[in-house]
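Worksheet: one structure, shown below.
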């Protein structure tokens, strides 16, 4: 089990996950799909960046376009679009700070107090990882994790693990309720959802 490093500088690295294949949107790069004339990833960054001390973007396509947003881009170290755990792995390996917060690129309305509430619960419960939940729905890619879980994640991935829920279940994980902000977790998965959101 990871050891506690809370005595270190407790600043937070933020990671925007934009490394997927966008299958439900016709395999387009979802982070670059336009909502109200701006890429979805830009909307997410504008809400997320003020909550963290450093921001990274995880992307596996259109790297130069993501770099043009002004933040470092990290690519998966595991081949084959292995899912959000591969992005988390890349972010943990690059993070400068002891805590890493993650959000998806396709959630332009994410809560402005996401990191603060996750962090309060993480510290209160001395957990490895805090994850958002609304009503009966967990949101596994809205999370705050301690960087020192990286070796644990590497072992999980090396053993063929890819399911984010299975990895979370192997850690001291706390769910944090955001029932009061359930609409903030609305994400854009399809062209129809993008149009409905004002795309």
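When residue 133 is evaluated against the numbered criteria (1) closer than 29 Å to residue 63 by Cα; (2) touching a strand residue (DSSP E or B) at 6+ places or on another chain (Cβ under 7 Å); (3) modelled with pLDDT of 95 or more, which criterion, by number, is the only one it fails?
Going through (1) closer than 29 Å to residue 63 by Cα; (2) touching a strand residue (DSSP E or B) at 6+ places or on another chain (Cβ under 7 Å); (3) modelled with pLDDT of 95 or more one by one, residue 133 breaks only (1).
Can you tell me which condition residue 20 does not meet? The list is (1) modelled with pLDDT under 95; (2) surrounded by 21 or more Cβ atoms within 10 Å (Cβ to Cβ); (3) more than 29 Å from residue 191 (Cα to Cα), and all the others hold.
(3)
Identify the residue in the stretch 43-99 that is touching a helix residue (DSSP H, G or I) at 6+ places or on another chain (Cβ under 9 Å) and part of a strand (DSSP E or B) and, among all such residues, is farthest from residue 162 (Cα to Cα).
By that ranking, first place goes to 55.
Please go through (1) closer than 24 Å to residue 73 by Cβ; (2) crowded, with 21+ Cβ neighbours inside 10 Å; (3) out of contact with any helix residue (DSSP H, G or I) (no Cβ under 8 Å at 6 or more places or on another chain) for residue 108 and return the number of the only condition it doesn't satisfy.
(3)
Against the condition out of contact with any strand residue (DSSP E or B) (no Cβ under 8 Å at 6 or more places or on another chain), surrounded by fewer than 21 Cβ atoms within 10 Å (Cβ to Cβ) and modelled with pLDDT under 95, how does residue 116 come out, does it pass?
Spelling it out, it is not the case that residue 116 is out of contact with any strand residue (DSSP E or B) (no Cβ under 8 Å at 6 or more places or on another chain), surrounded by fewer than 21 Cβ atoms within 10 Å (Cβ to Cβ) and modelled with pLDDT under 95.
Please determine whether any residue of the stretch 162-177 is over 20 Å from residue 101 (Cα atoms) and out of contact with any helix residue (DSSP H, G or I) (no Cβ under 9 Å at 6 or more places or on another chain).
First pass over the stretch 162-177, keeping only residues over 20 Å from residue 101 (Cα atoms): none.
The answer is no; no qualifying residue exists.
So residue 47 clears everything in (1) surrounded by 15 or more Cβ atoms within 10 Å (Cβ to Cβ); (2) in contact with a strand residue (DSSP E or B) (Cβ under 6 Å, 6 or more places away or on another chain); (3) at pLDDT 95 or above except one condition, right? Which one?
(2)
Regarding the stretch 119-130, can at least one residue be identified that is crowded, with 17+ Cβ neighbours inside 10 Å and under 23 Å from residue 31 (Cβ atoms)?
Looking for residues that are crowded, with 17+ Cβ neighbours inside 10 Å and under 23 Å from residue 31 (Cβ atoms), one finds none in the stretch 119-130, hence no.
Filter the stretch 54-76 down to the residues that are over 14 Å from the mean Cα position of the chain (by Cα), farther than 17 Å from residue 96 by Cα and in contact (Cβ under 8 Å) with a residue 24 or more places away in the chain and list them by number.
60, 61, 62, 65, 66, 69
The values are calculated or read from the model by the stated rules, or taken from the named source; none is laboratory data. Note that this is a predicted model, so its numbers are computed, not measured. Here the Cβ is made from the backbone with ideal geometry for all residues, glycine too, and neighbour counts use every protein chain on show.
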